[in-house]
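Enquirer: Mind looking over this structure? Questions follow.
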Amino acid sequence: MDKIYQKSINIRIQKLSEHIGELKLRSEMEPIWSTPIAIDERLPSGAGITKKMGVYQIIHKPTNTIMSIGKGNLGDRRARHKRVFLNKGRPIENESSTSDSSTARKMYQHDTNLDNWLFSWCEVGNEELALEYEIQLQAYYNPEFNDQTLAGK
């Protein structure tokens, strides 16, 4: 048998075993959700979500309704939604790329007052777990701005 192929299999088995171990540890912990804050509010000291993987909710403050649930790099997602919202819900065009957020477009159409939008997050630390948590939360809450066929994508 090809030694490199077998080595590749063994390395993947080891990584998946470590992944399972991490998930088992996380299964013993309750998820901790942040207190919702204004989407443009300065983050509390020590929040440190800039590079954190997790799940987030966007809440319409006047109705206290979860309007969107997503996952990813928490700091990046929050910043993108805010930037597109401030661009009147339109994608931000750069020379080489476009930054868009269907959630921010829907937020702006629903209520143009940025102060009426809150952001809450739960650091998950694991992309696979964040993906599944997002799917399950969307199925449970059925947020107006989410397309259920895109959950987990």
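Read-outs throughout are calculated quantities, based only on the coordinates presented, and are distinct from any laboratory measurement. Keep in mind that this is a model prediction, so the values were computed, not measured. Positions of Cβ are backbone-derived with ideal geometry, glycine not excepted, and every protein chain shown enters the neighbour counts.
Enquirer: Using the number of other C-beta atoms within 10 angstrom as an exposure proxy, rank Glu22, Glu95 with the fewest first.
Expert: Exposure proxy ranking, most exposed first: Glu95, Glu22.
Enquirer: Treating the beta-carbon of each Lys and Arg as +1 and of each Asp and Glu as -1, no other charges, what is the dipole magnitude of the chain about its Cα centre, to the nearest 20 debye?
Expert: So the magnitude is around 300 debye.
Enquirer: Right, here's the next one. How do Phe145, Phe85 line up, fewest other C-beta atoms within 10 Å first?
Expert: Least crowded to most crowded, the residues run Phe145, Phe85.
Enquirer: Treat the count of other C-beta atoms within 10 Å as a stand-in for reagent exposure and order Leu86, Leu74 from fewest to most.
Expert: Lowest count first: Leu86, Leu74.
Enquirer: Given the peptides 23-31, 107-115, 127-135, 53-61, arrange them by the average over their residues of other C-beta atoms within 10 Å, most packed first.
Expert: Values: 23-31: 9.2, 107-115: 14.9, 127-135: 18.0, 53-61: 21.8.
Ranked by mean Cβ neighbours within 10 Å, highest first: 53-61, 127-135, 107-115, 23-31.
Enquirer: Just need the relative contact order of the chain here, percent rounded to a whole number, with Cα pairs under 8 Å and 6+ apart.
Expert: That works out to 29 percent.
Enquirer: Let's test this: bin the Cα-Cα distances of the chain at 5 Å from zero up to the farthest pair and state each bin's percent.
Expert: 2, 9, 16, 18, 18, 13, 8, 6, 5, 3, 2, 1, 0
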